[in-house]
1. When the chain is fully extended, how far beyond the present Cα-Cα distance does ASP15 get from ARG71, taking 0.36 nm per residue of separation?
2. Return one number: the angle in degrees, 0 to 90 and rounded to the nearest 10, between the long axis of the Cα atoms of helix 77-87 and the longest principal axis of the Cα atoms of the chain.
3. Pop the C-beta distance of ALA31 and ASP93 into the FRET formula with R0 = 22 Å and round what comes out to the nearest 0.05.
4. Would you mind ranking PHE44, PHE81 by Cβ crowding within 10 Å, fewest neighbours first?
5. Can you list the residues of the stretch 11-26 with backbone N under 19 Å from a point 7 Å past the Cα of ASP78, pointing along Cα to Cβ?
6. Taking the number of other C-beta atoms within 10 Å as the exposure measure, put TYR17, TYR95 in order starting with the fewest.
7. Can you put GLU57, GLU69 in order, fewest other beta carbons within 10 Å first?
8. Scattering from the C-alpha atoms of the chain alone, worked out with Debye: what is log10 I(q)/I(0) at q = 0.11, 0.25 1/Å?
Amino acid sequence: MDRERIGGWVYIMADRYRGAMYVGVTSDLAARIHQHRLGTGSDFCTRYGLKLLVWAERGDSIEACIQHEKRLKRWRRDFKFALIEQGNPDWLDLYDGLV
């Protein structure tokens, strides 16, 4: 299968309500979040204790997800807060719903 046809996920990790955030992209969301929780997902998440999956969006291609991730990383914090709170107003950890 062509790489561009494989779907993916754009996601946001946080340490707490309206705290530090990390925007990432992956083809296997549950596995990637598990890595973050173990402290092997990214240095940034490990350094700042980001273990809560607060937002995730599925994309049809990994390339589209990468482009969306790049856009989100440029957004101001307030815009990211609004995006998260649109579907997760209490910043609940969404990880348990994945596994």
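1. Full extension from ASP15 to ARG71 adds 18.0 nm.
2. 80 degrees
3. The calculated FRET efficiency here is 0.85.
4. Lowest to highest Cβ neighbour count: PHE44, PHE81.
5. Within reach of a label on ASP78, which here means backbone N under 19 Å from a point 7 Å along Cα→Cβ, the stretch 11-26 contributes 18-21.
6. Neighbour counts put them in this order, fewest first: TYR17, TYR95.
7. Going from least to most buried by this count: GLU57, GLU69.
8. -0.29, -1.44
Each value in this text was obtained by applying a stated rule to the coordinates, not by laboratory testing. This one's a predicted model, so the numbers in the text were calculated from it and none came from an experiment. Here Cβ is always computed from backbone atoms with ideal geometry, including for glycine, and neighbour counts include all displayed protein chains.
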